[in-house]
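This report refers to the structure that appears directly beneath it.
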Amino acid sequence: MTFIEPTADRQHTALAPDLRSLPDRAARAWTERMAVRPRAGSTYAVTTESESTYLVDIAQHSCSCPDNRIRGEHCKHLRRVAIEITAKRVAPPGKERAICDVCGAVTFVAADARTPHLCGNCRLETGDIVQDRESGDRLVVVRVADERASEWTIEATGETVADHDTNDGYPPDDLVVLATYLSDAVSATEPREYAFPLSRLRRVEDAELVGGGTQ
Ligand SMILES: [Zn+2]
Ligand SMILES: [Zn+2]
């Protein structure tokens, strides 16, 4: 749903390098206009300014160009693929470029990753300990739902998560997180799940847990 095309797929782009000390072949990897498109496995198609397309296998360190295949050189196409991956303009092998469903940042997810797609900063996972920014209570994440706060109806009240009065000020298009209160986990009863807008919950880092926390 949120997979996006790599930018390098559409644009022939020269990247800004520091070329002063680079040998010629390495410098051209930076300055020449090339389009890089991920292919199956660890392969990438690189199309040059002159519209020649070569197949680079980043895992095999090989390229189908004469420079690499015949002369055995570490060619500019191979270098360019490495540059594009490092710059996060093209996904590394096995990953897809995606937009974080929370903050909109570019991130990389497994090709078969389920939605929502979340970047490292926004990612909450089952079992994560979080703190409710409103009450200060600590909760355990059950799961991140695909639905937005404006789409999720709270059974007990019949209103959406977005309309719930304590969620005033949180984005209605926040993803819904289901969580149980940490204090409920120690009681005998089955912990009840509550729905929160994602940005209302702050992940509690391991160091805080060990140190006794902030509240
Ligand atoms: Zn090459
Ligand atoms: Zn994010």
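In this structure the amide hydrogen of residue 65, modeled in the peptide plane, comes within under 5 Å of the amide hydrogens of 55, none closer than 5 places in sequence on its chain. Mind checking the angle between helix 76-86 and the chain's longest principal axis? C-alpha axes, 0 to 90 degrees, to the nearest 10. Once rounded, one gets 10 degrees. To put it simply, the accessible area of the chain at a 1.4 Å probe is 48 percent carbon and sulfur.
The separation of the range 15-54 from the range 138-168, counted between C-alpha centres, amounts to 47 Å.
Computed over the range 93-215, the quotient of the alpha carbon radius of gyration and 2.2 N^0.38 Å is 1.10.
At a probe radius of 1.4 angstrom, the accessible area of the chain per residue rounds to 55 square angstrom. Residues considered: 59, 162, 29. Largest GNM mean-square fluctuation over the chain, using C-alpha springs under 10 Å, is found at 59. Near the amide H of residue 128, within less than 5 Å, lie the amide hydrogens of 141, all on another chain or at least 5 residues away, with H placed in the peptide plane. Its Cα gyration tensor gives the range 32-165 an equivalent ellipsoid, and the semi-axes of that ellipsoid, as √(5λ) in whole Å with the largest first, are 45, 14, 12.
Among 57, 165, 101, the largest mean-square fluctuation in a Gaussian network model of the chain, built with springs joining Cα atoms closer than 10 Å, belongs to 165.
The values are calculated or read from the model by the stated rules, or taken from the named source; none is laboratory data. Note that the structure is a prediction, hence the values are computed from the model and not measured. Note: areas computed on protein heavy atoms with side chains; ligands, DNA, RNA excluded. Shrake-Rupley method; radii C 1.70, N 1.55, O 1.52, S 1.80 Å.
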